[in-house]
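The values are calculated or read from the model by the stated rules, or taken from the named source; none is laboratory data. Just so you know, these numbers come straight off a predicted model, no measurement behind them. Reconstructed Cβ throughout: ideal geometry from the backbone, glycine too, with neighbour counts over all protein chains shown. With ligands, DNA and RNA removed, areas are computed over all heavy atoms of the protein, side chains included. Shrake-Rupley method; radii C 1.70, N 1.55, O 1.52, S 1.80 Å.
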Amino acid sequence: MRILVSGGAGFIGSHTTLQLIAAGHDAVVVDDFSRSKRSVLPRLEALAGRPIEVRVVDLTDRAATDELVAGGSFDAVIHFAGLKAVGESVEKPLDYYRVNIGSTLSLLSAMGRHGVARIVFSSSATVYGADAAVPMKEDLPTSATNPYGWTKVMQEQILRDAAVADPTLRVALLRYFNPVGAHASGTIGEDPSGIPNNLMPLIAQVAVGRRDRVLIYGDDYPTPDGTGRRDYLHVEDLAAGHVAALDRIGSVAAGVSTWNLGTGTPTSVKEMLDSFSRACGHELPVEVAPRRPGDIAESYADPSLAEAELGWRATRTIDQMCADTWRWQSSNPDGYPD
Ligand code: WQD
């Protein structure tokens, strides 16, 4: 199929674009490069072994989005584009609503006008809110504790309502747990702009010498070693989940399907630090700091629905996630060149 990959130059978008091409799809990268670098593109083409079409579009621009979809002959959309930093969303909520909600409304309007009836949406376990029981199942109620999380809750609702209004629309809501890792080549990976919010890129930047220490945000949680536990999954497993979801809604699943993409196994901050030390070959300087506001003790998936309905399961281990992250970071200490 010919796929519009919004945010295709980003961390998960780039890895998914590669797997779409490997699966025989024709993937078109759509990005405004506000949070990604153009220098990922030649690396993607080298790994894909073929040129990749790119369209530079601000998806909050309804006219430009309509023109893109009208002329694109797309069979489906995978919608990654959006802002995703929890802390930033608290400081700049209007930007988050404008970009995240606005891009989804633009895309859905254009899809409806031009007969594109399949969308895979990049959602997040953050929609389970602050006090969900673990392991988390898809039928839990959704809520949020920050504007970023609310934009994901709202986008899911917009997609559900759009599917009621248009019975031809097929939607996959993919709720990611904690995506980490990098392509095994080490030539593409996670390259957050500014100070990383997330644990793995921060550990990687400390390991390569860009930052001086890892702050452990609290070691007094009710967990075995006192540090927060999360369901980290390799970005390559996550990308494979998108290919599987696309195939599934392309053939059988009418309406809206919701799948958790996680391993079902939690890993603590200390366990992640130990694994990364093994990967990079040296100890990492750490300091215990106060808990981060809004953090929960544990978050991990019940991935059984994706396994049953998509035939998908995460295969890569924490050690592989750390080894692949280290290969990317040590080969690209400053991330992608400008
Ligand atoms: C993981 C663990 C921290 C940094 C966030 C978003 C979520 C999703 C994934 C987009 C926690 C601890 C972290 C550090 C630390 N993003 N930590 N020191 O918070 O589970 O989820 O990213 O969809 O929406 O909320 O991920 O990587 O920030 O934190 O100790 O410097 O690492 O307390 O236990 P999180 P994270």
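Which value, in Å² and to the nearest 10, is the accessible area of Glu309 when all protein chains are kept and the probe is 1.4 Å?
Number for this one is 70 Å².
Just how far, in whole angstrom, is the range 55-103 from the range 234-250 if you go by their alpha carbon centroids?
When both Cα centres are located, 21 Å separates them.
Starting from the amide H of Ala172, placed 1.01 Å from N in the peptide plane, find each other amide H under 5 Å away whose residue is 5 or more places distant or on another chain.
Ile119, Val120, Phe121, Ser257
Note down the net charge around Pro285, summing +1 for each Lys or Arg and -1 for each Asp or Glu among other residues with Cβ under 12 Å from its Cβ.
-1
Tell me the carbon and sulfur percent of the accessible area for the range 23-173, rounded to whole percent, probe radius 1.4 Å.
Roughly 54 percent, rounded to a whole number.
Can you run phi through the Karplus equation (6.51, -1.76, 1.60; θ = phi - 60°) for the range 141-155 and list ³J(HN,Hα) in whole Hz, with x for Gly and Pro?
Working through the residues one at a time gives x, 10, 6, 8, 10, 7, x, 4, x, 4, 5, 6, 4, 5, 5 Hz.
List the residues whose amide H sits under 5 Å from the amide H of Ser299, counting only those 5 or more places along or on another chain, with H placed 1.01 Å from N in the peptide plane.
Arg229, Arg230, Asp231
Would you mind working out the accessible area per residue for the range 6-107, using a 1.4 Å probe, and quoting it in Å²?
Numbers: 4240 Å² over 102 residues.
Computed with neighbouring chains in place, this is 42 Å² per residue.
In whole Hz, what ³J(HN,Hα) sequence does the range 97-112 give by Karplus (6.51, -1.76, 1.60; θ = phi - 60°), x for Gly and Pro?
5, 4, 6, 6, 6, x, 5, 5, 5, 4, 5, 5, 4, 5, 4, x
Please report the spacing between the Cα centers of the range 1-28 and the range 282-338 in Å, no decimals.
Computed from Cα coordinates, the inter-centre distance equals 21 Å.
On average, how much accessible surface per residue is there in the range 126-177, in Å², for a 1.4 Å probe, leaving out ligands, DNA and RNA?
Per-residue accessible area for the range 126-177 comes out at 42 Å².
How much accessible area per residue does the range 181-312 have, in Å², with a 1.4 Å probe?
40
Suppose each label sits 7 Å from its Cα in the direction of the beta carbon; what would the Ala23-Glu309 distance come out to in nanometres?
1.6
So which residue, out of Arg170, Arg292, Arg316, gets the largest mean-square fluctuation from a GNM of the chain using Cα contacts under 10 Å as springs?
Judging by the Gaussian network model, the answer is Arg292.
Return a single number: how many Lys pairs in the chain, at a sequence separation of 8 or more or on separate chains, have alpha-carbon atoms below 30 angstrom apart.
Final tally of qualifying lysine pairs is 11.
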